[in-house]
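Some notes on the structure that comes next.
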Ligand SMILES: [Zn+2]
Ligand SMILES: [Zn+2]
């Protein structure tokens, strides 16, 4: 009982301590650091308040607006993105730190502990985010990874978690000029808080926020950004502040007369998170090959997604697809599969939190960590195959093999925590009560059809004679 109470107390304490960060409500003094290694992982700290908000949003929206396939796919993208981020944290800041050490530190234009430096960094990071985000939409090879964020046909808090695994690696160049005068620690603080702020704006629950709409990016503005109606395309790129869109001509007010249709202009019918991360690259290469001249073949990569020879860089509205209200991709699967997917996802979700703990995220060579990562990845693939209603024999074979391997190797180990212990029993349960009986039945049905079919053929022949 005391374990449950201490868990609840910890959750409430974490919720209250970190919830302000979701809206950039932090004390500049408490978020100013001299060295990069002192900067906390804010993205990890906000998961408790954010997941509680996510549940609250679904309670407000009601059961009708909940689609398990879409929600779990959004969370799967987050898991993939976070896994890459945990193990590469620091590496994406390498170039920034190197430029600062070479030039910025010596010039010392902004003193690290001055409040002015904190506010200038806030504005500078948000200004750069605007241009990074705009280039993600206007340069086709950058869109190839950013499209993941726009791939949901829903608009809810979970969509905010749909991020490309390459997000940091494709955007970091835009921020580099600030390494000449803003210290890496300020950059790392604001870079994180800027992205965290953008989570809560993915919702239909919040309407008009009055005068705040003039300055800040809000759910109302970001709904337009996620729409694929013609009037919504390439609009509202801002991160925290919407003033950049107003200044640079990309601002668009939400039009109440026209229902916003969410998702990509040409929707990709899949819930396979790995496929959604990379499928556009294939389309991009195909489009490039189809061009006649070498100039056009290369232009496909750096011009906008709607470009083709003879039109401006971003295409022309008259040639763009006018998306009308459409039926969302929502294949129905049996209830037992939904329950199976939910339980499997919960096990990898809990295992994923192991990765935040310091002995784990510091040692990729640890066989247990590799094992957890491989297991999580395979579960995500199986979940995608099941949601897409691919014939159940393939996810079945994958799941049977995965559960056998997991149970075989884990039963020899000393499991020292509740999550590993629960995971072991859940997988053993699935193996002996679902997958082994399922394949025994499949083999029986196959043999029965084979034998019975031959008997029928012999009998039919006898009758004919
Ligand atoms: Zn975008
Ligand atoms: Zn968004």
Ranked on Cβ counts within 10 Å of their own Cβ, fewest leading, 68, 241 go 68, 241
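Return the ratio Rg/(2.2 N^0.38 Å) for the range 171-289, where Rg is computed over Cα atoms only. Don't skip to the answer; put the middle values down first.
On the way: Rg = 17.1 Å, N = 119, 2.2 N^0.38 = 13.5 Å.
Against the compact-globule rule of thumb, the ratio is 1.26.
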Provide the descending list of Cα extents for the range 369-425 along its principal axes, expressed in whole angstroms. 37, 19, 16
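Can you divide the C-alpha Rg of the chain by 2.2 N^0.38 Å and report the result to two decimal places?
Normalised by 2.2 N^0.38 Å, the Cα Rg of the chain equals 1.12.
Label the range 288-429 by shape, choosing from rounded, prolate and oblate, from the square roots a ≥ b ≥ c of the eigenvalues of the Cα gyration tensor; if a/c is under 1.5 it is rounded, and otherwise prolate applies when a/b is larger than b/c, oblate when it is not.
Prolate, because a/c is 1.5 or more and a/b exceeds b/c.
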Roughly how compact is the range 256-308, stated as its Cα Rg over 2.2 N^0.38 Å to two decimals? 1.46
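Is the range 143-222 rounded, prolate or oblate when judged by the Cα gyration tensor, a ≥ b ≥ c being the square roots of its eigenvalues, rounded requiring a/c under 1.5 and prolate requiring a/b larger than b/c? Don't skip to the end; give the middle numbers.
Numbers: a/c = 2.62, a/b = 1.37, b/c = 1.91.
Note, shape of the range 143-222 comes out oblate.
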Least to most buried among 291, 188 (fewest other Cβ within 10 Å first): 291, 188
Determine, for 307, 23, the number of other Cβ atoms within 10 Å of each Cβ, and report the residues in order from fewest to most. 23, 307
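Evaluate the relative contact order of the chain (contact order divided by residue number), counting alpha-carbon pairs under 8 angstrom at least 6 apart; express in whole percent. Walk me through the numbers on the way to the answer.
Details: 529 pairs, mean separation 73.8, N = 465.
This gives 16 percent for the chain.
Any read-out appearing in this document is the output of simple, stated calculations on the displayed coordinates, not a laboratory observation. Treat the numbers as computed from the prediction; the structure is a model and nothing was measured. Positions of Cβ are backbone-derived with ideal geometry, glycine not excepted, and every protein chain shown enters the neighbour counts.
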